[in-house]
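Chemist: One structure follows; several queries about it will come next.
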Amino acid sequence: MYLSLPWILLPLVSAVKHPHPDDIVDGLKNAVDCDSCQAALLAPLKGLAELGDSAFVHTLIATCKAFKLEDEDVCVGAITEQGPILGHALRRISPIGKTAAKLCEGLLSLCQPPPVTQYAVPLPAAAPAAPKLPVSTGKQPFQVVHFSDVHIDRQYAAGSDANCKKPICCRDFADEAKPPKEPAGPFGNPNCDSPWVLAKSMLEEISAHHTWSIFTGDVVEAAVWLVNRTYSEVTSDIELFNKALGATLNGPVFPAIGNHDSAPVNNFPLDATIGFDGAQWVFDLESSEWAHWTNDTAASEERHFSGSYSVIAPGTDLRIISINTVYWYKQNFWLYDSDTPAPDPRGILEFMVNQLQAAEDAGQRVWIIGHMPPGSQDVFSDQSNYYNQILQRYHNIIAGQFFGHTHYDEFEIAYSDYENRRADTAMSVAWIAPALTPRSGNPALRVYDVDPDTYEIMDSKVYYSDMQNPEYQTKPEWKLYYSAREEYGPLVDLAPTAPLDARFWHEVTEAFEKNDTAFQRYNEFMTRGAHVQSCDAACKKTTICQMRAARAEK
């Protein structure tokens, strides 16, 4: 998950409130819609970028400092990291083109998403006329753990101030007042990322449920402004976490790459560019680190397909396809560096299609895992549309989709006909896991009950540790928060042998429309009972709409 607004644009956005003669500040003051954003803001930004990275970065840092928009170290660190990437993109595009409109929409919400560029994903074969679908024989389900967004802060300092002015707290910052206003406890705080001892406690809990696990990304903490958040720090964080997974869990883990698992954050270039390194070091690292859970073929795929891979889960006919969704992410500034962007950056969609076809040919079922849900507002509508084309073709063999990134406990439904979203057109569901990091709610993980014939989800149980428990800071207690089957099944009269599939979840959304008490329970579950935000009728309508929108443009 990313912070509420890209750090590179914080000085510009906040400067709207302050009179300033600079053309960029004037442009921001006048940027109230899409046209003005492109003409009055991006045009002068592009002109500044043309002067070179040094001038571009220096001007933005000076603005941030002058208006005291953030502490100086945050101004310097965030803009020094991200500024050159944005400057590179601005130099390569027209300020009034479609990519510029995407930039204004994705980063400032001043444009509507531009119409999707029409593109037919190449498919190797037509769908079978009479697909052979697996049938459950009622065997005992097996368990799979899904955890995500651990965001481990290796510099977390118990006793430091948990109520600070930085984007995350609980560190011994040099400019922090003493004594602390709110001393951080050893096992975490809602204003901070996860201390290692909290992550260790979670891994011990997973081992009690573990057959094998899926991890949907984001190992590294969110102190994205710090200049010491380098390749070496990210590498060390990933290596330490992977080592702990191997030492604590009694089965393999199948991971996906998150947007924080690089340096700078979100930094996944399409290729190595003059003056910039590519992201191949991330793929090489994970290929080596994950090989003992996957196999040599998957390790090679990770290196050559941008961190994506495919593997058969042990003792099953289930193919897990892990895809790198950061190449569809609006916060990855590298994706704005062309007025004619590629429809399939780094061939992620092509890799996915080839693996799905191989699974269909082999009579296998498939789980797709990735960090960012394709229906998220963080995803480019183009790539979400193209992903949906693949779902339409292969939905008969896709038993589940699993993502993280939002930090919320939620789901998204895909439909065969988005103009008629009904139970009989619901074709696939994306499960979005809650996070470990306390920044987004009580720490949590999911345990799925999986049918061994169909590989569909029969139940989803969320386990959490309540930060309000008086014993939490001594030893977190992990306990069952709720069972989706027990909580929502009675709302729709779910049959005892029926899976929690897309049809089920659509019927749950219909129940939410009629039963506000049930919906408010869901709203509470999203953050596991912490940071709960009130949700009125308008909020409820928007939330249910998002549940029915595994395609971002819908």
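The values are calculated or read from the model by the stated rules, or taken from the named source; none is laboratory data. Because the structure is predicted, anything quoted here is derived from the model rather than measured. Positions of Cβ are generated from backbone atoms using ideal geometry, with glycine treated the same way; all protein chains shown enter the neighbour counts.
Chemist: Considering only the range 297-316, state which residues are at pLDDT 95 or above and in contact with a strand residue (DSSP E or B) (Cβ under 7 Å, 6 or more places away or on another chain).
Modeler: A298, E301, E302, S308, Y309, S310, V311, I312, A313
Chemist: Looking only at residues that are small (G, A, S) and surrounded by fewer than 17 Cβ atoms within 10 Å (Cβ to Cβ) in the range 197-211, which one is modelled with the highest pLDDT?
Modeler: The extreme case among them is S207.
Chemist: Next up: Determine which single condition F276 fails, assuming it passes every other condition in (1) in contact with a strand residue (DSSP E or B) (Cβ under 9 Å, 6 or more places away or on another chain); (2) loosely packed, with under 15 Cβ neighbours inside 10 Å.
Modeler: Failed condition: (1).
Chemist: Suppose we filter the range 322-343 for residues that are surrounded by fewer than 23 Cβ atoms within 10 Å (Cβ to Cβ), without any contact (Cβ under 8 Å) to a residue 60 or more places away in the chain and within 22 Å of the chain's Cα centre (by Cα); how many remain?
Modeler: Selection size over the range 322-343: 0.
Chemist: Just one of (1) of a type in the set (A, V, I, L, M, F, W, C); (2) assigned to a strand (DSSP E or B); (3) modelled with pLDDT under 95 trips up I320, so point out which.
Modeler: The one condition I320 does not meet is (3).
Chemist: Looking only at the range 280-302, how many residues end up being out of contact with any Asp or Glu (no Cβ under 6 Å at 6 or more places or on another chain) and outside any loop (DSSP other than H, G, I, E, B)?
Modeler: Adding up the residues that qualify gives 14.
Chemist: Checking Y309 against (1) in contact (Cβ under 8 Å) with a residue 24 or more places away in the chain; (2) hydroxyl-bearing (S, T, Y); (3) under 26 Å from F283 (Cα atoms), only one condition comes out false. Which one?
Modeler: (1)
Chemist: Count, please, the residues in the range 394-418 that happen to be surrounded by 24 or more Cβ atoms within 10 Å (Cβ to Cβ), part of a loop (DSSP other than H, G, I, E, B) and free of Cβ contacts under 8 Å to residues at least 60 places away in the same chain.
Modeler: Qualifying residue count for the region: 0.
Chemist: Conditions first: (1) surrounded by 13 or more Cβ atoms within 10 Å (Cβ to Cβ); (2) more than 18 Å from D424 (Cα to Cα). Q468 passes all but one, so which condition is the exception?
Modeler: Every listed condition holds for Q468 apart from (1).
One line per residue, one yes/no per condition, for (1) at pLDDT 95 or above; (2) touching a strand residue (DSSP E or B) at 6+ places or on another chain (Cβ under 8 Å); (3) farther than 21 Å from C539 by Cβ:
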{"residue": "M467", "(1), (2), (3)": "yes, no, yes"}
{"residue": "W478", "(1), (2), (3)": "yes, yes, yes"}
{"residue": "R485", "(1), (2), (3)": "yes, yes, yes"}
{"residue": "D501", "(1), (2), (3)": "yes, yes, yes"}
{"residue": "W505", "(1), (2), (3)": "yes, yes, no"}
{"residue": "F512", "(1), (2), (3)": "yes, no, no"}
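Chemist: Take the residues in the range 253-300 that are of a type in the set (S, T, Y) and over 21 Å from the mean Cα position of the chain (by Cα), then tell me which one is nearest to N332 (Cα to Cα).
Modeler: Going through the qualifying residues, I end up with T273.
Chemist: Given the condition surrounded by 13 or more Cβ atoms within 10 Å (Cβ to Cβ), touching a Gly at 6+ places or on another chain (Cβ under 7 Å) and among the charged types (D, E, K, R), answer yes or no: does some residue in the range 515-535 qualify?
Modeler: Yes: the range 515-535 contains one or more residues that are surrounded by 13 or more Cβ atoms within 10 Å (Cβ to Cβ), touching a Gly at 6+ places or on another chain (Cβ under 7 Å) and among the charged types (D, E, K, R).
Chemist: Run down Y472, Y455, Y418, Y463 and say which single residue is over 26 Å from S384 (Cα atoms), modelled with pLDDT of 95 or more and in contact with a Lys or Arg (Cβ under 8 Å, 6 or more places away or on another chain). Full working, then the answer.
Modeler: Numbers: Y472 fails: in contact with a Lys or Arg (Cβ under 8 Å, 6 or more places away or on another chain); Y455 fails: over 26 Å from S384 (Cα atoms); Y418 fails: over 26 Å from S384 (Cα atoms).
So the residue among Y472, Y455, Y418, Y463 that is over 26 Å from S384 (Cα atoms), modelled with pLDDT of 95 or more and in contact with a Lys or Arg (Cβ under 8 Å, 6 or more places away or on another chain) is Y463.
Chemist: Can I ask one more? For residues that are outside any helix (DSSP H, G or I) and not aromatic (F, W, Y), tally how many sit in the range 48-106.
Modeler: First pass over the range 48-106, keeping only residues outside any helix (DSSP H, G or I): 51-52, 67-71, 92-97.
So of that shortlist, the ones also not aromatic (F, W, Y) come out as 51-52, 68-71, 92-97.
Qualifying residue count for the region: 12.
Chemist: Any residue in the range 108-123 that is under 21 Å from the mean Cα position of the chain (by Cα) and at negative phi?
Modeler: yes
Chemist: Here's something else I'd like to know. L436 is checked against (1) of a type in the set (A, V, I, L, M); (2) in a strand (DSSP E or B); (3) buried (at least 23 other Cβ atoms within 10 Å of the Cβ) and fails just one. What number does that condition carry?
Modeler: Every condition holds for L436 apart from (2).
Chemist: Would you check which residues across the range 471-495 are within 16 Å of F142 (Cα to Cα) and buried (at least 19 other Cβ atoms within 10 Å of the Cβ) and list them? Before the answer, list the steps.
Modeler: The initial filter retains those residues of the range 471-495 that are within 16 Å of F142 (Cα to Cα), namely 483, 485.
Hit for the range 471-495 is R485, nothing else.
Chemist: Being more than 24 Å from R154 (Cβ to Cβ), out of contact with any Asp or Glu (no Cβ under 9 Å at 6 or more places or on another chain) and either crowded, with 22+ Cβ neighbours inside 10 Å or not β-branched (V, I, T) (or both) is true for just one of P269, P252. Which residue is that? Break it down into steps so the answer makes sense when it comes.
Modeler: Details: P269 fails: out of contact with any Asp or Glu (no Cβ under 9 Å at 6 or more places or on another chain).
Within the list P269, P252, the selection yields P252.
Every residue, every condition in (1) among the aliphatic types (A, V, I, L, M); (2) touching a residue at least 60 places away in the same chain (Cβ under 8 Å), yes or no:
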site	(1), (2)
V282	yes, no
T294	no, no
E301	no, no
P345	no, yes
L356	yes, no
S384	no, yes
Q389	no, yes
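Chemist: On to the next question. How many residues, within the range 357-393, are assigned to a loop (DSSP other than H, G, I, E, B), surrounded by 23 or more Cβ atoms within 10 Å (Cβ to Cβ) and among the hydrophobic types (A, V, I, L, M, F, W, C)?
Modeler: Qualifying residue count, the range 357-393: 2.
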